[in-house]
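Input: a single structure, listed below in C-alpha cells.
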Amino acid sequence: MISLNDLDVTRACDTPHEFEVVDDSTGKGLGVYLSVLGAHAQVIADYTVKSLNERRLATALAEKRDPRGKNPVVVPVEDDIEFSTELVALRVVGWRGISEPYSHENAIRLCTKNPSIKEQILAHSEKMANFTVASPTN
C-alpha cells in the first residue's frame, strides 16, 4: 500500500532536475546545464495565484470606477509575455556552463533572449517523470 503522504507531486516538484540545453539546429548538447523545478512546485503556484489575484483586483477596481463599461480594462499583450517569461524563469534555480552567475534576473534574461531554451525549460519542467514521488511504504 502507498500512503497519501507519499503521493505529493508538489513536494517532488520542489526538487530540481538538471538537463543539458540542446541546440535546435544540430540536436547536440551545448554544455549548458540548467536545474529546473517541476511545474507544480510551490513557488510556481504561489506566483501564479498572486499574479492572477492582482489582475482580478485591478479589473474589479476598474469596473467599480466605471460601472457602465465605457473604458474597458485591457491587459496589454506585453503583460502576458512578462507573466509567461516570469513563470518559466522561476523554474530555473541554477546552472552550469554559463559564465554569468545564476540569479533570477539572469534567468529572466536567458528566457527572454532564447525562446528555444524557454521551451526546453518548460518541457523538462512539465515532464512529471523528471520529478518522482517517494517510493511506496510497505
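Only the coordinates and a few stated rules stand behind these numbers; no lab work does. Small disclaimer: the values here were computed from a predicted structure and weren't measured. So basically every Cβ, Gly included, is an ideal-geometry build from the backbone, and we count neighbours across all protein chains shown.
Details
- Those residues of region 21-39 which are exposed (fewer than 15 other Cβ atoms within 10 Å of the Cβ) and among the hydrophobic types (A, V, I, L, M, F, W, C), in sequence order: LEU30
- Hits in region 19-37 (condition: without any contact (Cβ under 8 Å) to a residue 24 or more places away in the chain and assigned to a strand (DSSP E or B)): GLU20, GLY29
- Residue within region 52-72 that is touching a helix residue (DSSP H, G or I) at 6+ places or on another chain (Cβ under 7 Å) and either in contact (Cβ under 8 Å) with a residue 60 or more places away in the chain or more than 20 Å from SER116 (Cα to Cα) (or both) present: no
- If the condition is being aliphatic (A, V, I, L, M) and out of contact with any strand residue (DSSP E or B) (no Cβ under 7 Å at 6 or more places or on another chain), then region 6-56 contributes LEU7, VAL9, ALA12, ALA39, ALA41, VAL43, ILE44, ALA45, VAL49, LEU52.
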